[in-house]
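Asker: Provided herewith is a single structure, encoded as structure tokens, for subsequent inquiry.
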Amino acid sequence: MKRIIITLLSLVLLAACVPTPEEEFIVNKGDGVLTEKIAEKPVEANVFEAPTRVDVVIEANNLTVEITAEVVLPEGGRYPVAEVVPKTYDAAWARDMLTRIADGKMLLVRESEAGANMTREGILREVEAVQNSLESFDELYGNLPESEQAEMRAQLNEALDVWSAYYREAPDSTDGLEADLSDTAYKAFGRMSAEIDCTRPERAYHSPIEVSSTGLVSFMNMDMTYGETEQRGPVTGPLPGVALTETEAIEVAKTFLQKLGETGLEPVLVLDANGRRYGDDPRDEHAYAIWFTRPVGNMPGAITQSQQDLYGVYSQNGGDRVYSEPCDQEYAYFLIRDSGVNWFDWGAPSTVTRIVNENVALVPFETILETFRKQIAVEAFPALEEARVNADLRDNMTINDTTLCIDRIALESVRIRKEGATGTFLLVPTWTFYGHLVLRGENLSDLRFAGWTIEDNGDAVWYVPGGCYLQINAIDGSVLNPALGF
């Protein structure tokens, strides 16, 4: 309880650091304007009028925003809107994904804690845990409203039924057994996992595969010598220790996707992922980090790691956002080396059902820039405020200057919720502002442990691939909140 109180107090203090904005937030509140614009007759194909680059400095609430960015437009002069639905993340789909990735290899029980839980002994512990929660229900949940108590009791009873059914089917031991790909196991765990033997002579371990009921497919197939890394930068030439070219690496990834029955994703970002070799020889090892997204016509899908204040914690904006589930964007991520696919994640797999508007009208680019100017000061705070907390906790660390550097502004396709249609989404033209944060001050080196890069001059840089600080709907000019999905 003490830890929770401290956390809440910290959040209140952080929110208090941010001045109330002078202008009203520009957020799409679902007023029907967007729906009306999408329903209008398609406009004639015409290349959107925008500068090739923007060079602007904005001073806002103790934050300097330097825009020195190229403006990236899709080819063709058409800006379509598409309807998209998630694939059905049921047990049949999960089995199909595991089987396709295994490509004829035996799907073995995964040697992990999850594998142990697939035995009767492990499942019995889960059954007892749920039974204990039911027996202590009043003590654990008595302070909840009656409606929430009823919902919680129903969830616990449902979980007890699921685990009890799985117990009746489970083996006493998993030694030498194939992975359990049953509907019952999938429902019990919320995922289906296995491992395969890729028979690499230098490796003594198997490669895990996992498919989640939330829509995430993962294949962990790392070389013995390569460790996953956060150190990624531009590909400036041949990668050290990798014979594959960038083009060849992309083809390896496309072939893998085709094996999964997916041909609609296209590469949007390729970086040099530099990791450290395991063991006694700590030299660097490299791989191609490749992101794929789903385009609509000639408009590529955005690959973003949002740096916005999604839940209003820092800006005191819209506390109801805390209770909103994210509207996940679809992506596929690869690490590719000469040995092939070393890592694969596919998030939010989906299917485009139809084109809603072949070429929707867009608001002027000047409107987009003005919206950015008004909104950016209350959106770019999470990484910054966490750095300030770290500075406050250390006597010798001081942050004197904060600069947000926007280096790319791209018109891309982004998933939003379709108004009044649960489970159906739209891919709409959206302006994404990509960049990184730079902190200047004294003794900032400790921020390295929080994921910041410390430059030779002592500046701290916060960079993540696809780091975006604002997304603005190109159709109606509203600010997109990725947590709400509109």
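Asker: Pairs only if they're at least six apart or on different chains, beta carbon under 6 angstrom, first in segment 204-233 and within 14 Å of ASN274 (Cα to Cα), second open to solvent by 50 Å² or more (accessible area, probe 1.4 Å) and at pLDDT 80 or above; list them, first residue then second.
Answerer: Every condition considered, the pairs that remain are ASP223/SER339.
Asker: Same structure, new question: Which of the numbered conditions does ILE399 fail, given that it passes all the others? Conditions: (1) open to solvent by 10 Å² or more (accessible area, probe 1.4 Å); (2) β-branched (Val, Ile, Thr); (3) not in a strand (DSSP E or B).
Answerer: For ILE399, the exception is condition (3).
Asker: ARG388 versus (1) in contact with a strand residue (DSSP E or B) (Cβ under 9 Å, 6 or more places away or on another chain); (2) assigned to a loop (DSSP other than H, G, I, E, B); (3) at pLDDT below 85: which is the lone unmet condition?
Answerer: Here ARG388 meets the rest and fails (2).
Asker: If only one of ASP407, ASP446, ASP456 is assigned to a loop (DSSP other than H, G, I, E, B) and either farther than 20 Å from ASP309 by Cβ or touching a residue at least 24 places away in the same chain (Cβ under 8 Å) (or both), which one is it?
Answerer: Exactly one residue qualifies, and that residue is ASP456.
Asker: Filter segment 324-353 down to residues that are open to solvent by 20 Å² or more (accessible area, probe 1.4 Å), assigned to a strand (DSSP E or B) and within 15 Å of ILE303 (Cβ to Cβ), then give me how many there are.
Answerer: The qualifying residues number 2.
Asker: Moving on. Return the residues of segment 137-168 that are open to solvent by 100 Å² or more (accessible area, probe 1.4 Å) and under 14 Å from PHE189 (Cα atoms); say none if nothing qualifies.
Answerer: Residues satisfying the conditions are GLU158, ASP161.
Asker: Taking only pairs six or more apart or across chains, which ones have beta-carbon atoms under 6 Å, a first residue in segment 337-348 that is over 20 Å from PRO240 (Cβ atoms), and a second residue that is open to solvent by 20 Å² or more (accessible area, probe 1.4 Å)?
Answerer: So the pair list comes out as GLY347/LEU216; GLY347/TYR331; ALA348/ASP328.
Asker: If PHE189 satisfies every condition in (1) touching a Gly at 6+ places or on another chain (Cβ under 7 Å); (2) at pLDDT 85 or above; (3) not basic (Lys, Arg) but one, which is the exception?
Answerer: For PHE189, the failing item is (1).
Asker: Could I ask something else about it? Among the residues of segment 101-122, are any hydroxyl-bearing (Ser, Thr, Tyr), under 26 Å from ASP183 (Cβ atoms) and at pLDDT 90 or above?
Answerer: For segment 101-122, residues hydroxyl-bearing (Ser, Thr, Tyr), under 26 Å from ASP183 (Cβ atoms) and at pLDDT 90 or above: absent.
Asker: Can you give me the number of residues within segment 170-189 that are free of Cβ contacts under 8 Å to residues at least 24 places away in the same chain, more than 30 Å from the chain's Cα centre (by Cα) and under 14 Å from GLU126 (Cβ atoms)?
Answerer: Of the residues in that region, 0 qualify.
Asker: Here's something else I'd like to know. Does at least one position in segment 366-375 carry a residue that is acidic (Asp, Glu), farther than 30 Å from TRP93 by Cβ and out of contact with any strand residue (DSSP E or B) (no Cβ under 6 Å at 6 or more places or on another chain)?
Answerer: There is at least one residue in segment 366-375 that is acidic (Asp, Glu), farther than 30 Å from TRP93 by Cβ and out of contact with any strand residue (DSSP E or B) (no Cβ under 6 Å at 6 or more places or on another chain).
Asker: Quick check on my filter: what residues within segment 236-249 are open to solvent by less than 40 Å² (accessible area, probe 1.4 Å) and part of a loop (DSSP other than H, G, I, E, B)?
Answerer: Selection gives GLY237, LEU239, VAL242, LEU244.
The values are calculated or read from the model by the stated rules, or taken from the named source; none is laboratory data. What you see is a predicted model; the values in this text were computed from it and never measured. For neighbour counting, all protein chains shown are included, and Cβ atoms are generated from backbone atoms with ideal geometry for every residue, glycine included. Just so you know, the surface numbers come from the protein's heavy atoms only, side chains and all, with ligands and any DNA or RNA stripped out. Shrake-Rupley method; radii C 1.70, N 1.55, O 1.52, S 1.80 Å.
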